[in-house]
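In what follows, a single structure is set out as structure tokens and then discussed.
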Amino acid sequence: MIEKTLEQLQQSLNQRILILDGAMGTMIQQYDPQEADYRGERFKDWPSDLKGNNDLLTLTQPEMITEIHEAYLDAGADIIETNTFNATTISMADYDMQSLSREINVEAARLAKEACEKYTKYNPSRPRYVAGVLGPTNRTASISPDVNDPGMRNIDFDTLVEAYSESCEALIEGGSDLILIETVFDTLNAKAAAYAVDSTFEKLDVRLPVMISGTITDASGRTLSGQTAEAFYYSLRHIKPLTFGLNCALGPDLLRQYVEEISNVAECYVSAHPNAGLPNEFGGYDLSAEDMAEHIGEWASSGLVNIVGGCCGSTPEHVKAIADVVSAVKPREIPDKPVKMRLSGLEPFVH
């Protein structure tokens, strides 16, 4: 079944540009959940505040999460992401809910899988897929959180691997079709995630397609840990991902040059899901669905992408507009790159 899924995905990717869903947080905010909604009956006596723990809504408000998934599937999404961006034990520690990490990942994948199976049944010629999300965590393995102590770290590689391994195994158990390591701001975190994913595949004797998506944090064109987009790709190309790309932080206008940078060097499919512009003074996103689709339509016509969607601030309306504008555009062709030594530190080195 797993081999069939990969074969279907590759066939689809060679034929058309696939659509990823949009933001989960934006949609949850539209429901305006309060503390009691996050707690539900099960966690009504939990000792710490739970409002803002969006991943917990997978357990306490599953109907809400399913509605959001289905709204994106209605909009034309081929791939939907699990509601697990902060579901590692590391991030769940903010709410003293480390013990729930596995359960949340399993249930989030199950909810997404049920939605995908429902829509695939409607149209078997267009299968829908679940991307099990491994977020960046709220720690960074290669940067000190204390400017006065550059050598300090608040997480180490082995701890990240342990957390990512638990989440990955749970995402697979719940029915994920792919694993998405996303919003990477620290390459060392991503290497821990990639190692955990590969180790989990060996442990379970399965191998799902892997997507990697980094984030360029500002106009410097670098990740938070200092790498250019090309250097970031060279740091992780060895795991042979199905797709490699960028998401978050920037809107499509500012992100374009870095998507092109990845597209020029990636020996795999390229994905991109930008924010709906930059946040305004109230933390909202103002880029309309039509304007966002216009930008991404240009990316597509320029041959830069194979998978597109939205990140922060995007909605089903954005995803539908994107799906419409790229529907007749040929996907990017994977380049046949000459064999060279391709290394990287903060900058790429090709010899």
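Derivation of every value follows stated rules applied to the coordinates shown; laboratory data play no part. Owing to the predicted nature of the structure, the values given are computational and were not obtained by experimental measurement. Note that we place each Cβ from the backbone using ideal geometry, even for glycine, and neighbour counts take in every protein chain shown.
Data table
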| quantity | calculated |
| --- | --- |
| Residue order, fewest to most beta carbons within 10 Å, for 20, 178 | 178, 20 |
| Computed P(r) (all Cα pairs; the range 247-323; 10 Å bins; percent) | 21, 55, 21, 3 |
| For the range 303-314, Karplus couplings with θ = phi - 60° (6.51, -1.76, 1.60), whole Hz, Gly/Pro x | x, 9, 9, 10, 9, 9, x, x, 10, 3, x, 7 |
| For 82, 26, order by how many other beta-carbon atoms lie within 10 Å, fewest first | 26, 82 |
| Part-to-part distance (alpha-carbon centres) for the range 140-183 and the range 41-120, which is given in Å | 18 |
| Square roots of five times the Cα gyration tensor eigenvalues for the range 220-351, Å | 27, 18, 10 |
| Alpha carbon Rg of the chain, scaled by the compact-globule rule 2.2 N^0.38 Å | 0.93 |
| Over the range 129-223: Kirkwood hydrodynamic radius from C-alpha pairwise inverse distances, Å | 14.0 |
| Cα-based Rg of the range 168-279 normalised by 2.2 N^0.38 Å, two decimals | 1.06 |
| Rg over Rh [alpha-carbon atoms, Kirkwood Rh] for the range 65-210 | 1.03 |
| Volume per residue of the C-alpha convex hull in the range 1-76, rounded to whole Å³ | 123 |
